[in-house]
Amino acid sequence: MGAIPLRQDIIYPESDGQPLGETDVHISEVLDLLETLRDWYRDQSDVYVAGNLFLYYVEGNPRAVVCPDLFVAKGVPKYFRRTYKLWEEGTSPCMVIEVTSRDTHREDTVGKRACYEELGIEEYFLHDPLGDYLDPPLRGFRLIQGRYVPIKPDPDGSLSSLTTGLRLRLDDAGLRLVDAATGEFLLRGQEARDQVRRERAAREAAEDELARLRRELKRRTDR
């Protein structure tokens, strides 16, 4: 009897080997949303936010893969992953956002939509930042009895996300995330960095002024 061959480990690629080809607008929006969502969940250790990460959904089949622009998964530990394997994580993401374009519209509106529906992803949002084909440019779907149903826009055109407690709203700079409970706009990445710089500058100015007053007080008491 011949020797039984060893079972080869199945390889789940971390990249498709293709360059990332998107406009500055698409890339900036994905990065801003990723940073904003991660900050929104910064104090929750069981919520994972990722962008452009391969999500494998059938064990043993590396072809069963999808790559969302952004997704939020609840009930899983927060750490950096190389890929997201559904059978290891035990739960699908609860929300996906695709920053879509004319070049990806068929995949985003047909292929990915069907896949996300099958995986039980509760909410699926699409934003077409350049207005290439979506009218209106922001659309959302919620899973009801296993099927995606369009989310009715609020009077201001925003869409509510029940899974995250946020509203997705458009402004002159693109897609904005809003705290549904308070109506407060979440800061985008650059806005948050600018605020940190302003707060640091104000703190340093206050410290400098306090030091000046102490020197002045010492000068007067030393007379």
Open item on the list: Quick check on packing: order 105-113, 176-184, 157-165, 26-34 by the mean number of other C-beta atoms within 10 Å, highest mean leading.
Closed with: 26-34, 157-165, 105-113, 176-184
TODO: Let me know the shape class of the range 17-73, please: from the alpha-carbon gyration tensor, a ≥ b ≥ c as square roots of the eigenvalues, rounded when a/c is under 1.5, otherwise prolate if a/b is greater than b/c, or oblate.
DONE: oblate
Task: Projected label distance in nm at Glu88 and Lys218, using a 7 Å step from Cα toward the beta-carbon - done: 5.9
Task: Residues Arg188, Arg81, sorted so that the one with the fewest Cβ neighbours within 10 Å comes first - done: Arg81, Arg188
Task: Partners for Lys112 among lysines (Cα-Cα distance below 29 Å; same-chain residues under 8 apart left out) - done: Lys74, Lys78, Lys85, Lys152
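Would you calculate a helix-derived [θ] at 222 nm for the chain, using -39,500 (n - 2.57) for each DSSP H run of n ≥ 4 and dividing by the full residue count, to the nearest 500?
-9000 deg cm²/dmol
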TODO: Relative to the longest principal axis of the C-alpha atoms of the chain, give the angle of the C-alpha long axis of helix 24-40, reported between 0 and 90° and rounded to the nearest 10°.
DONE: 70
Open item on the list: With equal scatterers on the alpha carbons only and no solvent term, can you work out the Debye log10 of I(q)/I(0) for the chain at 0.12, 0.13, 0.15 1/Å?
Closed with: -0.71, -0.80, -1.03
Task: Simple label model, 7 Å out from Cα along Cβ direction - Asp154 to Asp24, nm - done: 3.1
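Any read-out appearing in this document is the output of simple, stated calculations on the displayed coordinates, not a laboratory observation. The structure presented is a predicted model; accordingly, all values stated were derived computationally and were not measured. Cβ coordinates were reconstructed from backbone atoms using ideal geometry, including for glycine residues, and neighbour counts include every protein chain displayed.
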